[in-house]
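Q: Can you read through this structure? Questions will come right after.
The values are calculated or read from the model by the stated rules, or taken from the named source; none is laboratory data. This structure is a prediction, so every number in the text was calculated from the model and none was measured. Cβ coordinates were reconstructed from backbone atoms using ideal geometry, including for glycine residues, and neighbour counts include every protein chain displayed. Only protein heavy atoms, including side chains, enter the accessible area calculation; ligands, DNA and RNA are left aside. Shrake-Rupley method; radii C 1.70, N 1.55, O 1.52, S 1.80 Å.
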Amino acid sequence: MLLDLLMPRKTGFDVLRELRQDERLREIKVLAMSGVYKDNVLEFLHELGAEGFLDKERIRDTLVFRVNQILQRTGSS
């Protein structure tokens, strides 16, 4: 699961806590992402059971590149 830490009604931290408390959902692998959280977020996410963290600012260019690749392939078919 790709989980944003900032959402309208709940934080990603809240969702991650709920996933880990539910026996049926606790084994779901979670990769957290945010453009805001920086300090101490990795340690806290690790304690909550997240697999890792992506900084949105660092992945933006890669994400745009990959989406463009997909769109180009779709348009050329």
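Q: Quick check: at a probe of 1.4 Å, how many percent of the accessible area of the chain sits on carbon and sulfur atoms? Walk me through the numbers on the way to the answer.
A: On the way: 3260 of 6010 Å².
Carbon and sulfur: 54 percent of the exposed surface of the chain.
Q: Right, something else. Taking the Cα atoms only, what angle lies between the long axis of helix 12-21 and the longest principal axis of the chain, rounded to 10 degrees?
A: Helix 12-21 and the main axis of the chain meet at about 60 degrees.
Q: Now a separate question. List the relative contact order of the chain as a percent without decimals, with contacts defined as Cα pairs under 8 Å and 6+ residues apart.
A: Dividing the mean separation by the residue count of the chain yields 27 percent.
Q: Would you tally the net charge around Leu25, using a Cβ to Cβ cut-off of less than 14 Å, leaving Leu25 out, and scoring K and R as +1, D and E as -1?
A: After counting each charged neighbour, the total is 0.
Q: OK, next. For the chain, find the longest principal axis of its Cα atoms and tell me its angle to the long axis of helix 56-76, 0 to 90°, nearest 10.
A: Compared with the principal axis, the helix lies near 40 degrees.
Q: OK, next. If each residue of separation counts as 0.36 nm, what is the full-extension length gain between Gln21 and Leu63 once their alpha-carbon separation is subtracted?
A: That pair, Gln21 and Leu63, stretches by 12.0 nm at full extension.
Q: Right, another one. Counting heavy atoms of the protein chains only and a 1.4 Å probe, report the per residue accessible area for the chain as a whole number of Å².
A: Counting only protein heavy atoms, the per-residue value for the chain is 78 Å².
Q: Could you work out [θ]222 nm for the chain from helices alone, using -39500 (n - 2.57) per DSSP H run of at least four and dividing by all its residues? Round to the nearest 500 deg cm²/dmol.
A: Working: 3 runs with 39 residues, N = 77.
Per the formula, -16000 deg cm²/dmol.
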